[in-house]
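Following: one structure in structure tokens, then a few remarks.
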Amino acid sequence: MGSLTRRDFLNGVALGVGGALLSPRDALGLSLDAATDDPSSYPPALTGMRGSHDGSFEVAHALRDGSFWTTAGLPTDTGERYDLVVVGAGISGLAAAWYFSKAAGSSARILVLDNHDDFGGHARRNEFQVGGRTVIGYGGTFAIDSPAPYSATASALLTELGIDVTRWGRMVERGLYAGLGMSASVFFDRETFGADRLVRAPAAILEQGTPAPATGQADPLAVFLADAPLSDSARRDVGRLVKAPADYLPGLDDAQRKARLARMSYADFLVKIAGCDSGLLPLFQARPHSLYGLGIDAVSALDAWGLGLPGFAGMQLEPTAGPGMGLDARPGPRSPFLHFPDGNATIARLLVRRLIPHAVPGRTADDVVLSRVDYGRLDEPGPVRVRLNSTVVRARHTSKSTEVEVDYVRAGRLERTRAGSCVLACWSGVIPYLCPELSRAQREALAYATKVPIVQTTALLRRWTSFHALGVSQAHCPGSFHTSVGLDLPVRVGRYQPSRRPEEPIIVQMMRTPCRPGLPAREQHRAGRVELLTMTFDTFEQNVRDQLTRMLGAGGFDAARDVRALTVNRWPHGYAYQYNSLWDPFWLNGGPLPCVAARRPFGRIAIANADAAAYAYTDAAIDQAYRAVGEVLTRA
Ligand SMILES: Cc1cc2nc3c(=O)[nH]c(=O)nc-3n(C[C@H](O)[C@H](O)[C@H](O)COP(=O)(O)OP(=O)(O)OC[C@H]3O[C@@H](n4cnc5c(N)ncnc54)[C@H](O)[C@@H]3O)c2cc1C
């Protein structure tokens, strides 16, 4: 395993599973040796439908639908008065609390409210106990990694939290899977390709570039294409795109080529410009899913070039950004990569340790990985409190205008608290419903920040012998329910050790990004969100079972025996929406950005969250928190 980035998800890096899904936690009793002492008070150990779990969104949806206030009644005044109330306990909200507490002094009183039963927002931890050991996975944010370098602000926060971003090479067990003869594959499914087939994939198919085969070895691309259930013409065209792409836009200079490519989808480029057989489209359709939540019908050819998809080598494009390129696709230096077993939930836990030290035992970024957070202490009286299961329904200035009152629903009760300032670190799309004072223009700008739906499924496997037998550590599955499946990255940190032998338990991570090819991007996201809110856990379970059995059955995989637990992290409101040259004209033409108009502070209320930057990365969440806290401090 070489250096890995979140972009490598594009290349099929995830984890694979299979199994008899247990889920609602009671059903798991048999399979988990000792899940947790008291799972109801330890959310990372809960299985079944997680992410935006039942109970976290109903109040907000009633607010959206206009039915909330008709039955809400009057709020109960908690009598509490804070210096700052933060809405949203994601990394942005927690960072905002930390910046404020540093600036205002350790006695500043801060309340952080979140609608979920866990903190961290998308940075979610999934934790399992099996055979006397703790196995940790991520339910959302995968890694410290960004298409651009972290800002000085975001880098300084990581340093302050004790995170050394240069240590990745010392944490990862490089070569573990390759040493066992395992590598990346493509799983072709019969519904899309006419046959279920797992085919070892060469770098030329799943990664950028066209590595030459070692002397004397069969050309891996030729082997792949021979096994792939594609038509002869589709095979021929894949080979041509990878090995001998022509200059498909002759007579244009670099800028003109990029301007053309920015205005057509990659699917159109392949068929209409490169003259490929449309039978190859299903092979590439899901390649941008993990970054864009969209397929190649809705991602520009220019972005496809930036992401390293095949077909552009003959055009000799300069490695500089073109007009309206997606932030993920731009060439240039990027941040260092670092993945903790629970992804960036480690950052959230380290922030909570700073804010409420007694709730998170330990001292270092290493020991926090196995530290058990005491959720019962998060909302104890003290300078900083984190109140979970609390959906904010209104934030507005009182008649004094030096004070903000914040109403929220907790356990079915409408409560009110007051603060000198408020940072809304929740999703931009929610804010118009919370803040009646906002101008119409700002509400519209906020509403533009539609979210990208995404599912990160975590399955605990009893062992990974079937992966080993088939020589696969991860698979890109372009037509399947989950489009990526992969064994957990083998990282060791502190006392945490990865699974090293195929006979040991392991986590398999799977990703699904529901979308509707053919529709405009934002409509695809909307349709995917509806799917996620209506699909039951049983349906997820059946699909996981089915997909893994078909992929791995030949290696001895037995779902009933091998899967010990399943957690479906459902994020109908997932990635921040990033602008796209095919769908956002202002992005292509350099017009004003909705996120800039959306994040304007008003009175003593400021707006944070990654949405405020239209950039779905942790550094954006931190940078926006820093800006928002600066704004409330200057107005306090
Ligand atoms: C599956 C997935 C994988 C990702 N992987 C990566 C990655 O590898 N690297 C990376 O840098 N970024 C990744 N991201 C992007 C991630 O969103 C950001 O990194 C960052 O964590 C966003 O933090 P945030 O605090 O801005 O937003 P969020 O994490 O969304 O936190 C906002 C919180 O506000 C809460 N909230 C909303 N409305 C209300 C309300 N009315 N009342 C109370 N609370 C409310 C939300 O429920 C949420 O808990 C990923 C995102 C997803 C969904």
message = With Kirkwood's inverse mean 1/r over C-alpha pairs for Rh, give me the Rg to Rh ratio of the chain, two decimals please.
response = 0.97
ask   = When ranked by the protection proxy of mean other Cβ atoms within 10 Å per residue, highest first, what sequence do the peptides 93-99, 423-429, 371-377 form?
value = 93-99, 423-429, 371-377
request  = With both partners inside region 45-171, how many of the DSSP beta bridges are antiparallel, as a percent to the nearest 5?
outcome  = 55
ask   = Tally Lys and Arg at +1 and Asp and Glu at -1 over the other residues with C-beta under 12 Å from the C-beta of M171: what net charge comes out?
value = +1
remark   = For K451, the lysines lying under 29 Å Cα to Cα, once residues fewer than eight places off in the same chain are dropped, come out as K258
request  = Kindly work out what percent of the DSSP beta bridges joining two residues of the chain are antiparallel, to the nearest 5.
outcome  = 65
query = Nearest 10 degrees, 0 to 90: what angle lies between the long axis of helix 521-534 and the longest principal axis of the chain (Cα atoms)?
reply = 70
key: Cut-off 10 Å between beta-carbons: net charge of the residues surrounding G494, Lys and Arg +1, Asp and Glu -1   = 0
Unit Cα scatterers, Debye sum, region 457-603: log10 I(q)/I(0) for q = 0.08, 0.15, 0.17, 0.21 Å⁻¹ = -0.34, -0.87, -0.99, -1.28
Cβ-placed point charges (K, R +1; D, E -1), dipole of region 436-565 about Cα centre in debye, nearest 20 = 260
task = Working from Cα positions, state the angle (0 to 90°, nearest 10) between the long axis of helix 345-355 and the longest principal axis of the chain.
result = 20
Cross-link reach list, lysines versus K243, counting only Cα pairs under 20 Å and skipping chain neighbours closer than eight places = K272
message = Let me make sure I get this right: for region 239-302, a, b and c are the square roots of the gyration tensor eigenvalues over alpha carbons, sorted descending. Under 1.5 in a/c it's rounded, otherwise prolate if a/b > b/c, else oblate. Which is it?
response = oblate
request  = Can you tell me the 0 to 90 degree angle between the C-alpha axis of helix 91-104 and the longest principal axis of the chain, rounded to 10?
outcome  = 40
ask   = So what's the net charge close to R516: Lys and Arg +1, Asp and Glu -1, counting the other residues with Cβ under 10 Å from its Cβ?
value = -2
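Just so you know, all these numbers are worked out from the coordinates, no wet-lab data involved. This is a predicted model, so every value here is computed, not measured. FYI the Cβ positions are ideal-geometry reconstructions off the backbone, even for glycines, and counts take in every protein chain you see.
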